[in-house]
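Below you'll find the structure, written out as structure tokens, and then a few comments.
Where a number appears in this text, it was derived from the coordinates with a stated rule and is not lab data. In this text the structure is predicted, and so the values were computed from the model without any measurement. Don't worry about glycine lacking a Cβ; one is built from the backbone with ideal geometry, like all the others, and counts go over all protein chains shown.
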Amino acid sequence: MTDPALLTLPRLAQALRDTGVKVGSGSVLVASQALALIDLGRRADVRDALRAALVSEPADFELFDTLFELLFPSEEKTPTGSAPALPRSEDLPPAPGGRRLAAALPQPSVRQMRAPELVERDAAGSASDSEVLSSKDFEQMSAAELESARRLLAAAPPRAAQRRTRRFIASPHGAQLDLRRTLRAMLRGLDPVPPVRRRAALRPRDWVLLVDVSGSMAAYSRMALHLAWALARRGGRIEVFTFATHLTRLTRSLRAADPDVAMQFATRAVTDWDGGTRIGECIADFNHRWARRVLTRAPWVILLTDGLERAGTEQLETEVTRLARQCRELIWINPLRRSPVYQPLAAGAAVLDRHASRQYTAHNVESLLALGRLVETQARANN
Amino acid sequence: MPVQSPTRISPAPTSIEETEALLRSQQYLADRTLSVVLFLALKLGRPLFLEGEAGTGKTEIARALAAGLGRDLIRLQCYEGLDASAALYEWNYLRQILELRVAEAASGTDRSKAALKDAIFSPEFLIKRPLLQALEPHAKGPPVLLIDEIDRADEPFEAFLLEILADYQVTIPELGTVRAAQPPIVILTSNRTREVHDALKRRCLYHWVGYPDAVRELEILAARAPEAGSALSLEIVRFVQGLRQRRLQKPPGVAESIEWARAIVALGQHALTPQLMQETLGVLLKYEEDIAAVRANLPGVTAPGT
């Protein structure tokens, strides 16, 4: 049992975990059993077998393949008995997962990979193609901001609107007879048998939050993420995406139980804080990659942006139309509305104005809470 | 409970090559990765989790496997709100209630309550749903249990399924425990309209079913729609592969390619003309926007590389 493949397996598993892929010890056991069943001389088969056992998310395949290449070198030069050392991060090919990989491997060079972009702060506000790769810490939030966020979390977030499910619960005035409980009543000897009824159970409607994190929205997007975290705690499924120059899914990052940890994950995941805005392109990306996955149950989509699109509005028009058609409500939260004389005259804003089913402002904690109350009232009315 | 009948189990494949040949015998052309994973799933007795876009042949894998092994295929189509009574078993309450009433009317003096209860909670009144069927003994050997589109079911059902997959047994309070002597071959599919919980995925071997490359798709067409002929098939594959490079709401899957080939043959045609494509695009594309976009530049959609 001194096969190099078996010896390297735990390292592979650990490297995967370090990059954020969840690998249980059960999976590692399955992987080792799988290795016993196949021809270890066929490297591609070994890769397929290990991947099927260890990874269950196609987005992580590339990461896995890279790690596999590094830990299972194709030339048979690996000295038996001693597993190969973990590669250093400068050996990494410039793959898309490279940054996550680099962070997981012992390395001198992570800092160098990120540092050069930090100075380009003045790119904020211009839709430059080079993203501002700063990864901001929430410690940099001003005291006032932090205080606002805390108050926001302390106040109960809005109850999510409800939708009917196809499960049933007992209800004296339900529309359907509950045969199972009727039979039970008969067996208990109740005579006459009381009619036992049931109705469709309700559950919180899903939410999808699309948060603009571009330069002009910087002050609001952080609060929005805190709100998103709090909503997720409150029950109901919530999907969170951010966008400025590209779309980032934050749902998993925000799942952490501790808000500080969640925000740390989020800050690390988003690479275009304070970048320019390409709303149309980002919504197009959302429609293409995510809509069919997260808009399946007629959710409420909340779009937090000032609508200041730098690119043309033709694409924005097409994509927002498509988005609006696929959700129950498209709610546009626009901090600029705080001004009583505001009119959605900018081209991008005009498009959103036409398609959003409701619009609110959210420039401070008070208005966010007011929004919460409105949503809650609506939720009750919908029942 | 049905009487255990002597079972003769069809031989399971003993190598990756045999697995591939088994699927091929059922006109299913699997790539090497799928063969490896399927072989391991059979060998290790693990459920196989197949994820991928609609129309890439996930359900077909289960069918081909069942047919190739000569086993029964038991299919559980998932939907939101699917629960134990629809997936596992349910008592036929209506019949039970009737039976109770009849018994009460017939015997002036009460038959003993317990006897009556036993009578109506007998297998005769049990409606067996797919999961229970899959746990029962089968003459042809353990069946293939296809749990189709698990992403449509909701989280509570996933948790329930985890429990079943953990020990392949269920307890019906009134009747006792049903345990599979040999666990069924379990295949789960998902179109990825939502994320299935990690806990369930981790219990399975995972395989992502992607679109085939041009060469394989051509082979698939030759196997599944031979009437189209090689020239037409080639044209179809080129066009469809080109479409998948574009940003469509729903790119056509292999199922659509096969369907399209058959449709064109049914129209008595043997070559793709712009006119014919105009008329039959609805077989390939299911969104009005996609059809409009493709129609707008019909001659220019062929992939540059193929």
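Between the Cα long axis of helix B:229-245 and the first principal axis of chain B there is an angle of about 80°, rounded to the nearest 10. Whole-Hz Karplus values for the stretch B:210-217 come out as x, 6, x, 6, 4, 4, 5, 5 Hz, taken residue by residue from phi with 6.51 cos²θ - 1.76 cosθ + 1.60 and θ = phi - 60°; glycine and proline positions read x. Across every direction, the projection of the convex hull enclosing the Cα atoms of the stretch B:214-295 has a mean area of 4.7 nm². In peptide A:239-246, how many Cβ atoms from other protein chains are near each Cβ within 10 Å, on average? Taking the mean over all residues of the peptide, I get 0. The lysines whose alpha-carbon is closer than 21 Å to the alpha-carbon of B:Lys250, local same-chain residues fewer than 8 away aside, are B:Lys58, B:Lys286. Annotation: amide H-H contacts under 5 Å for B:Ile147 (H modelled 1.01 Å from N, sequence separation of 5 or more, or interchain): B:Leu76, B:Ile187, B:Leu188, B:Thr189.
Take B:Lys58, B:Lys140 and order them by how many other Cβ atoms sit within 10 Å, fewest up front. Kindly include the intermediate steps, with their values, before the conclusion.
Working: B:Lys58 25, B:Lys140 15.
Neighbour counts put them in this order, fewest first: B:Lys140, B:Lys58.
Exposure proxy shown here: for A:Asp206, B:Asp72, the number of other Cβ atoms within 10 Å sets the order, fewest to most, as B:Asp72, A:Asp206.
Calculated FRET efficiency, B:Arg32 to A:Ala257, Cβ-Cβ distance, R0 = 41 Å: about 0.45 to the nearest 0.05. The distance from the alpha carbon centre of the stretch A:319-364 to that of the stretch A:188-229 is 22 Å, rounded to a whole number. Across peptide A:43-56, the average count of Cβ atoms from other chains found within 10 Å of a residue's Cβ is 6.
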